[in-house]
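Written out below as structure tokens is the structure these notes cover.
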Amino acid sequence: MRVGSDNIVQKLTLSQAVETRDALAKSIYAGLFEWLVEQINKSLAVGKRLTGRSISILDIYGFESFDRNSFEQFCINYANERLQQHFNRHLFKLEQEEYIQDGIDWAKVDFDDNQDCLHLFEKKPLGLLSLLNEESTFPNGTDYTFANKLKQHLNSNPCFKGEREKAFTVSHFAGEVTYDTTGFLEKNRDLLHLDSIQLLSSCSCHLPKAFASNMLNQSEKPVVGPLHKAGGADSQKLSVATKFKGQLFQLMQRLESTTPHFIRCIKPNNFQSPGSYEQGLVLQQLRCCGVLEVVRISRSGYPTRMPHQKFAKRYGFLLLENAASQDSLSVSVAILHQFNILPEMYQVGYTKLFFRTGQIGILEDTRNRTLHGILRVQSCFRGHQARRHFKELQRGIATLQSFVRGDKTRKEYAVLLQRHRAAVIIQKQIKGMNAKKTFKNIRDASIVIQS
């Protein structure tokens with residue numbers, strides 16, 4: 001252990017040696033996990049740099065309740081409480097707040113809010129996480145003293161119930177879970193001594209060296225949080241619960257800045273057999289997940305909503321009268337009256353129109369039929385224009401062809417006429433030569449006879 005500027009060698013008991021060995025194994029596992037995630041993110045960042053957008057899938061572990069629940073189930077169920085709060089806020093609180101802010105007539109639907117359970121975990125200084133971190137800083141703190149401190153400070157909380165010996169029960173949104181505090185403090189401290197980091201640095205493999213280097217680099221950064229017992233490396237000053245809570249809040253900030261879509265998985269039976277549905281188990285999960293409240297709000301609420309400007313732009317051309325000079329709200333109301341949509345099937349807000357399930361489909365069908373008719377008229381008119389243009393083009397081509405053929409024929413006739421005249425001249429010359437030759441022969445013969 002490093003105390004101030006001195007190094008002190010302390011022999012460990014068997015249980016302490018096992019804990020130190022396990023802490024080293026867990027640190028190597030954590031370093032490898034973070035390294036793998038970093039490599040995957042580097043490969044995925046190429047596409048994100050090109051588009052500037054991303055789609056993320058968060059596959060969360062389900063709510064856990066076993067025969068023996070320890071620190072791992074404690075953290076997992078706390079994360080589920082926080083994610084359930086986000087689910088409630090997104091689907092219930094924000095939904096109903098939007099109705100109220102837009103000034104529509106709405107009767108609030110009550111739902112189970114798990115804020116009290118979150119206060120039990122996160123409240124300072126007397127919350128489960130704060131008391132756990134506080135007890136982890138005491139050198140003489142044990143799991144038994146931690147359990148007693150919880151019973152002493154939290155018994156008045158309706159979501160907490162102290163049990164015998166080292167156990168306590170928390171009323172989660174999904175039901176009551178009893179936790180055994182055995183090993184809570186050791187798992188929360190997660191001590192990693194400086195000589196363990198030096199051991200990693202001496203490895204011949206480059207990955208453990210990189211893990212040790214990262215731990216030493218983190219130790220140079222200022223850390224705010226509960227301190228551990230002397231002997232832990234500086235990089236381990238934050239407790240596991242504090243790190244988990246910090247990472248969970250980073251995740252919640254990420255979720256708050258995105259547009260979430262939820263998929264609820266329901267386990268049909270406990271035997272993993274196909275085609276078998278245990279009604280009680282399925283109903284319990286539906287109630288715990290808040291699905292029944294979602295159905296109630298969807299049935300009594302207005303799941304389809306559209307701003308006045310968008311509604312008027314999308315359906316304004318369906319009006320029988322010209323409404324170009326009217327504002328978007330007047331156009332929207334005129335459309336609703338024209339199509340005889342019942343008043344109980346919609347509400348007009350300050351900025352949006354709210355419709356019950358299926359009402360917007362009537363307008364969409366009418367819009368699609370009208371657009372289809374318009375397209376048919378346009379296609380017929382465009383076909384008529386194309387055929388007329390084609391006929392004009394065909395007549396022009398025929399006229400041009402007749403001119404070309406006439407010019408070609410006249411040129412051929414001129415050549416033929418020239419050849420005919422040349423043939424006549426040649427024939428005349430040959431006939432004249434033959435006549436002269438015959439005349440000469442007769443004359444010569446006549447002269448011979450006369451002589």
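Observations, loosely collected:
- Applying the set (1) open to solvent by 20 Å² or more (accessible area, probe 1.4 Å); (2) closer than 24 Å to Lys151 by Cβ; (3) charged (D, E, K, R) to Arg53 leaves exactly one unmet item: (2).
- Qualifying residue in the range 148-169 (condition: farther than 28 Å from Lys26 by Cα, part of a loop (DSSP other than H, G, I, E, B) and among the small types (Gly, Ala, Ser)): yes
- For the range 359-396, a tally of residues being loosely packed, with under 11 Cβ neighbours inside 10 Å and touching a residue at least 12 places away in the same chain (Cβ under 8 Å) returns 0.
- Scan of the range 241-276 for residues that are of a type outside the set (S, T, N, Q) and loosely packed, with under 10 Cβ neighbours inside 10 Å, ordered by number: His261, Ile263, Cys265, Phe271, Pro274, Gly275
- Residue, farthest from Asp190 (Cα to Cα), within the range 130-141, restricted to residues that are exposed (fewer than 15 other Cβ atoms within 10 Å of the Cβ) and more than 43 Å from the chain's Cα centre (by Cα): Asn140
- Subset of the range 1-15 (residues that are modelled with pLDDT of 80 or more and of a type outside the set (A, V, I, L, M)): Ser5, Asp6, Asn7, Gln10, Lys11, Thr13, Ser15
- Any chance Gly127 is among the small types (Gly, Ala, Ser), open to solvent by 30 Å² or more (accessible area, probe 1.4 Å) and out of contact with any Leu (no Cβ under 6 Å at 6 or more places or on another chain): no
- Residue that is not aromatic (Phe, Trp, Tyr) and not in a helix (DSSP H, G or I), where the choices are Asn340, Asn368: Asn340
- Out of Phe317, Phe355, Phe339, Phe381, sole residue that is under 26 Å from Lys108 (Cβ atoms) and among the aromatic types (Phe, Trp, Tyr): Phe355
- Condition broken by Leu120, with the remaining ones in (1) buried (at least 17 other Cβ atoms within 10 Å of the Cβ); (2) part of a loop (DSSP other than H, G, I, E, B); (3) of a type in the set (A, V, I, L, M) satisfied: (2)
- Residues satisfying the stated conditions in the range 236-268, i.e. touching a helix residue (DSSP H, G or I) at 6+ places or on another chain (Cβ under 7 Å) and closer than 26 Å to Ile57 by Cβ: Val240, Phe244, Lys245, Leu248, Met252, Leu255, Pro260, Phe262, Arg264, Ile266, Lys267, Pro268
- Hey, Ile60 part of a loop (DSSP other than H, G, I, E, B), β-branched (Val, Ile, Thr) and either under 30 Å from Gly183 (Cβ atoms) or open to solvent by 50 Å² or more (accessible area, probe 1.4 Å) (or both) or not: yes
- A single member of Lys124, Lys149, Lys108, Lys161 is of a type in the set (Lys, Arg) and modelled with pLDDT under 85, and it is Lys108.
- Residues located in the range 143-160, provided they are more than 17 Å from Lys187 (Cα to Cα), open to solvent by 30 Å² or more (accessible area, probe 1.4 Å) and free of Cβ contacts under 8 Å to residues at least 40 places away in the same chain: Asn148, Lys149, Lys151, Gln152, His153, Asn155, Ser156
The values are calculated or read from the model by the stated rules, or taken from the named source; none is laboratory data. Predicted, not measured: the structure shown is a model, and the values here were computed from it. Please note: Cβ atoms are built from the backbone with ideal geometry, for glycine as well, and neighbour counts cover all protein chains shown. Quick note on the areas: whole protein, heavy atoms, side chains included, nothing else; ligands and nucleic acids left out. Shrake-Rupley method; radii C 1.70, N 1.55, O 1.52, S 1.80 Å.
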